[in-house]
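The values are calculated or read from the model by the stated rules, or taken from the named source; none is laboratory data. Just so it is clear, the model here is predicted, and its values are computed rather than measured. Don't worry about glycine lacking a Cβ; one is built from the backbone with ideal geometry, like all the others, and counts go over all protein chains shown.
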Protein chains: 2
Amino acid sequence: MERTLINALSASVGNTVLVQGFVSVRRDQGKLVFFDIRDRSGSVQGVVLPKSAAMEAAKEVRPEWVVSVEGKVNKRPEKNINEKVQNGDIELEILALTVLSKAKELPFELGVETNLDTYFDYMPYTLRSERAKRVFKVQETIIASFREALKKEQFTEFQAPVLVGADAEGGAAAFPVEYYYDQKAYLATSPQLYKQVMVGVYERAFATPKVFRAEKHSTSRHLPEYTSLDFEMGFIKDHTDVMRVLEHMVRHVVAEVGAVHGVEAPRIPAAIPVLKLREAQKILNVSEEPDLEPEHERAICEWAKKEHDSDFVFITHYPVSKRPFYTYEDENDPGYTKSFDLLFRGLEVTTGGQRIHDHDLLLERIHGRGLKAENFSFYLQTFKYGMPPHGGSATGLERFTARLLELANVKEATLFPRDLNRIDSLLSTDES
Amino acid sequence: MERTLINALSASVGNTVLVQGFVSVRRDQGKLVFFDIRDRSGSVQGVVLPKSAAMEAAKEVRPEWVVSVEGKVNKRPEKNINEKVQNGDIELEILALTVLSKAKELPFELGVETNLDTYFDYMPYTLRSERAKRVFKVQETIIASFREALKKEQFTEFQAPVLVGADAEGGAAAFPVEYYYDQKAYLATSPQLYKQVMVGVYERAFATPKVFRAEKHSTSRHLPEYTSLDFEMGFIKDHTDVMRVLEHMVRHVVAEVGAVHGVEAPRIPAAIPVLKLREAQKILNVSEEPDLEPEHERAICEWAKKEHDSDFVFITHYPVSKRPFYTYEDENDPGYTKSFDLLFRGLEVTTGGQRIHDHDLLLERIHGRGLKAENFSFYLQTFKYGMPPHGGSATGLERFTARLLELANVKEATLFPRDLNRIDSLLSTDES
């Protein structure tokens, strides 16, 4: 018999079908045994009647066992209909049951609240909860609609490299890799230099690579490995062209997530408020530091919500000293850059700006930062051989997911989060 | 004035427009200066007439300079129409020209044949050729249509980790990474173990991660960093269910690449021929080795082409000893596995099969290979807590691209290929 997916059962009332899935819940009522079976399409209640040939097997079955059942799809009597759940109007009368895989004793019931460490320790199991499954379905929609929004704007997707020859931005710490012949390579902290190369090729390019940051952060917003939603575009007037494409993308993403998953859309007014860093600091009545502290990011987001009914706010014009060497200085505001961060519900989720496109100026900035020009000779070719004014941005997929779903820790929006002490399991510092 | 994209010019005959792009070719005929300008949408011929205010600037302009021009779109006189090129019936009469970026002296003309090393040395420049641009547009379509084919079959996309705690498959050499606190991590050689975890979660899952192989290969088919098109699915009968989904995906991909880029589709008969490894060896009249040598892969593909008019051939039933520990042994053919490779025009592009889903058997196989079970404790949870029969496959994006476009070296289908001696630029073994 061909397998029937659970979300198609209601069209098979009266028929005998083959259903395969995981047992979610089992209720042994002595003469009757009930269990919920789930497959990729949903969940249904099964019942084993006293004389069923499946009774012996059914008595043995436990949650997370994988089963193949033949059953008859019955309408439930009126009084047993539950309109709030999928298949609440039908029931699968189980005629035969084969166990495909037994589960050993479960550490705890699936879906119960645990502390985060336990959730991560048992991730192959805890990811099966409806709550976790939803987080990563939402994340799938975010990345798919990111691509969709940019493809509509004629961006070309490319595969950015992970192994790089040097810590390119010269700011973020990079993990060293033992490459061939005792040579050192590094894990890319960003696809920045490559997406600029791709502007020379396709004018508009995007990538969604894994990037790596070796700083010893242990916070609710940092990850050593994360997914970066990067785009870069040529022939811009200035950074505001980039902000416009970014805003357009964000609107598309939150609309799609709302449509597909019923996630309430964050507030985005007709125009996301834009403040220079110094203006934000004045509003918050704090001193002119080169960057916003996390509590100031939260406070300016509260301001944006209150004053503009916006869950997003752009902060622009970070000082030259605080941004990477390739950042474009604003000729009308010397010392400050045509750069921006996008804050979302209290957290920086995107950083971007216009980049320097003049070869000689770029070289001057590399020298000015004390970086070695040799490390950039490949990249510099892009500018040597003609490059339009351009800019772009990078959005942290996990941060964006976490803020959209209002998860407290970015690790909850990461499938297999790494941190200082964990790669899947806790690392032991005693063995190497 | 708003910018007009070059592919929209033919709708603007008689109008004055703003065009921005790269100069491709320039022909100075003394009184007249012609140049081709390209942007992301295409190319057009511009002409500077003797009395144009742009003449002085036009005399200076060189290939790869980036320009912003105002010009009038004119119909070409009948005798100058070239129907074979885009915009061959119009010409842009340049009225004003601003140089946005000058290029320094070019190493060679764009698009000329060079040896591969020179092509890679100058990649930020050589990628701008129409030939290279096409390769990576085709690659973009391959990856997009891979996702599309699987989403239609209800697979969930996930982001597989790159940093792993151990060389999981215990076969392919992994690059070590200096992680926090003097601990070692590794670069994933495959997302295999994670996609099996995801089968427990979503039943059907796919990912397109970068993977890394540290073996010292220097061939036309190996890369230390490449993109793997991976999927994994639960509730299969055996490996042939996986082969069916793979074949379906391949048909969709080549159809899309044909439709979008006009690439002639490879030959795929109603059913791709399937041979057990031993059958293939008998056909080739070679001894029963545990794997096919590269020349045998080419020879069996020639056979498939000749006998079945197929550019693809499946080879199944590799011996247990030759496949990873998680491979499912065929109960009807002991010593051989429910595994397969897909060969495409002489090269293995995909490997896959059914996996062991029984926890205790899997543990036995891990021990049997002399691997440490502790290294797999996270992964083994998946099987401890119930797992359906499942399988999947992994296709090398660059290999698939290379065979589809009949490029001799897989590096030509890699955007920024790394090899033993190169990460962008050639590595020097004298400095670390």
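Scanning the range A:143-163 for residues that are surrounded by fewer than 22 Cβ atoms within 10 Å (Cβ to Cβ), of a type in the set (A, V, I, L, M, F, W, C) and under 24 Å from B:VAL201 (Cβ atoms), we see that the one that is nearest to the chain's Cα centre (by Cα) is A:ILE143.
Test A:THR118 against the stated conditions and say whether it is more than 18 Å from the chain's Cα centre (by Cα) and either among the hydroxyl-bearing types (Ser, Thr, Tyr) or closer than 30 Å to B:PHE383 by Cβ (or both). Spelling it out, A:THR118 is indeed more than 18 Å from the chain's Cα centre (by Cα) and either among the hydroxyl-bearing types (Ser, Thr, Tyr) or closer than 30 Å to B:PHE383 by Cβ (or both).
Residues in the range A:29-54 that are of a type in the set (Ser, Thr, Tyr), within 14 Å of chain B (Cβ to nearest Cβ) and either farther than 23 Å from A:LEU110 by Cβ or not in a strand (DSSP E or B) (or both): A:SER41 alone.
Here is a yes/no grid of residues against (1) free of Cβ contacts under 8 Å to residues at least 60 places away in the same chain; (2) aliphatic (A, V, I, L, M); (3) out of contact with any helix residue (DSSP H, G or I) (no Cβ under 6 Å at 6 or more places or on another chain):
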{"position": "A:VAL177", "(1), (2), (3)": "yes, yes, yes"}
{"position": "A:TYR181", "(1), (2), (3)": "yes, no, yes"}
{"position": "A:LEU187", "(1), (2), (3)": "yes, yes, yes"}
{"position": "A:TYR194", "(1), (2), (3)": "yes, no, yes"}
{"position": "A:GLU203", "(1), (2), (3)": "no, no, yes"}
{"position": "A:PRO209", "(1), (2), (3)": "yes, no, yes"}
{"position": "A:GLU215", "(1), (2), (3)": "yes, no, yes"}
{"position": "A:SER218", "(1), (2), (3)": "no, no, yes"}
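Scan the range A:7-28 for residues that are in a strand (DSSP E or B) and either of a type in the set (Phe, Trp, Tyr) or within 36 Å of the chain's Cα centre (by Cα) (or both) and the total you get is 9.
Taking the options A:GLY392, A:GLY370, name whichever one is of a type in the set (Gly, Ala, Ser), more than 10 Å from chain B (Cβ to nearest Cβ) and in a loop (DSSP other than H, G, I, E, B). Break it down into steps so the answer makes sense when it comes.
Details: A:GLY392 fails: in a loop (DSSP other than H, G, I, E, B).
Within the list A:GLY392, A:GLY370, the selection yields A:GLY370.
Each residue in the range A:266-301 was checked for being under 11 Å from A:LEU343 (Cα atoms) and charged (D, E, K, R), and 2 of them qualify. Among the conditions (1) touching a Leu at 6+ places or on another chain (Cβ under 6 Å); (2) within 14 Å of another protein chain (Cβ to nearest Cβ); (3) within 25 Å of B:PRO107 (Cβ to Cβ), B:ALA57 misses just one, which is (2). If you check A:GLN196 against the conditions, is it closer than 22 Å to B:LEU426 by Cβ, touching a strand residue (DSSP E or B) at 6+ places or on another chain (Cβ under 7 Å) and modelled with pLDDT of 95 or more? Spelling it out, A:GLN196 is indeed closer than 22 Å to B:LEU426 by Cβ, touching a strand residue (DSSP E or B) at 6+ places or on another chain (Cβ under 7 Å) and modelled with pLDDT of 95 or more. In contact with a Pro (Cβ under 7 Å, 6 or more places away or on another chain) and not aromatic (Phe, Trp, Tyr): which single residue out of B:ARG213, B:ARG267 fits that description? Of the residues listed, the single one that is in contact with a Pro (Cβ under 7 Å, 6 or more places away or on another chain) and not aromatic (Phe, Trp, Tyr) is B:ARG213.
Being more than 24 Å from B:MET233 (Cα to Cα) and crowded, with 19+ Cβ neighbours inside 10 Å narrows it down to one of A:VAL33, A:VAL44, so name that one. Give the steps one after another, and end with the answer.
On the way: A:VAL44 fails: more than 24 Å from B:MET233 (Cα to Cα).
From the options A:VAL33, A:VAL44, the qualifying one is A:VAL33.
When the residues of the range A:405-421 are filtered to those that are surrounded by fewer than 21 Cβ atoms within 10 Å (Cβ to Cβ) and either in contact with a Leu (Cβ under 6 Å, 6 or more places away or on another chain) or facing chain B (nearest Cβ under 9 Å) (or both), the one that is nearest to B:ASN375 (Cα to Cα) is A:ASN421. For the range A:72-80, does any single residue satisfy the condition of being of a type outside the set (Gly, Ala, Ser), without any contact (Cβ under 8 Å) to a residue 60 or more places away in the chain and surrounded by 14 or more Cβ atoms within 10 Å (Cβ to Cβ)? Checked the range A:72-80: at least one residue is of a type outside the set (Gly, Ala, Ser), without any contact (Cβ under 8 Å) to a residue 60 or more places away in the chain and surrounded by 14 or more Cβ atoms within 10 Å (Cβ to Cβ).
Can you confirm whether the range B:130-151 contains a residue that is in contact with a Pro (Cβ under 9 Å, 6 or more places away or on another chain), closer than 30 Å to B:PHE175 by Cα and β-branched (Val, Ile, Thr)? Within the range B:130-151 (the criterion being in contact with a Pro (Cβ under 9 Å, 6 or more places away or on another chain), closer than 30 Å to B:PHE175 by Cα and β-branched (Val, Ile, Thr)), the answer is no, since none of the residues qualifies. Considering the range B:92-101, and only residues there that are surrounded by fewer than 19 Cβ atoms within 10 Å (Cβ to Cβ) and more than 10 Å from chain A (Cβ to nearest Cβ), the residue that is nearest to A:ARG147 (Cα to Cα) turns out to be B:THR98. Taking (1) surrounded by fewer than 22 Cβ atoms within 10 Å (Cβ to Cβ); (2) in contact with a helix residue (DSSP H, G or I) (Cβ under 6 Å, 6 or more places away or on another chain) in turn, B:GLY234 satisfies each apart from (1). For the structure I just gave you, tell me whether B:PRO269 is more than 14 Å from chain A (Cβ to nearest Cβ) and either basic (Lys, Arg) or touching a Ser or Thr at 6+ places or on another chain (Cβ under 8 Å) (or both). Against the criterion (more than 14 Å from chain A (Cβ to nearest Cβ) and either basic (Lys, Arg) or touching a Ser or Thr at 6+ places or on another chain (Cβ under 8 Å) (or both)), B:PRO269 qualifies. Beta carbons closer than 8 Å, at least 6 apart along the sequence or on distinct chains, pair a first residue in the range A:140-153 that is assigned by TED's automatic domain parsing to the domain that holds A:GLU247 with a second that is hydroxyl-bearing (Ser, Thr, Tyr) for A:GLU140/B:THR156; A:ILE142/A:THR401; A:ILE143/A:THR208; A:ILE143/A:THR227; A:PHE146/A:THR208; A:PHE146/A:THR395; A:ARG147/A:THR208.
Kindly list the number of the only condition in (1) under 20 Å from B:GLU398 (Cβ atoms); (2) of a type in the set (A, V, I, L, M, F, W, C); (3) buried (at least 22 other Cβ atoms within 10 Å of the Cβ) that fails for B:ALA185. Among (1) under 20 Å from B:GLU398 (Cβ atoms); (2) of a type in the set (A, V, I, L, M, F, W, C); (3) buried (at least 22 other Cβ atoms within 10 Å of the Cβ), B:ALA185 violates only (1).
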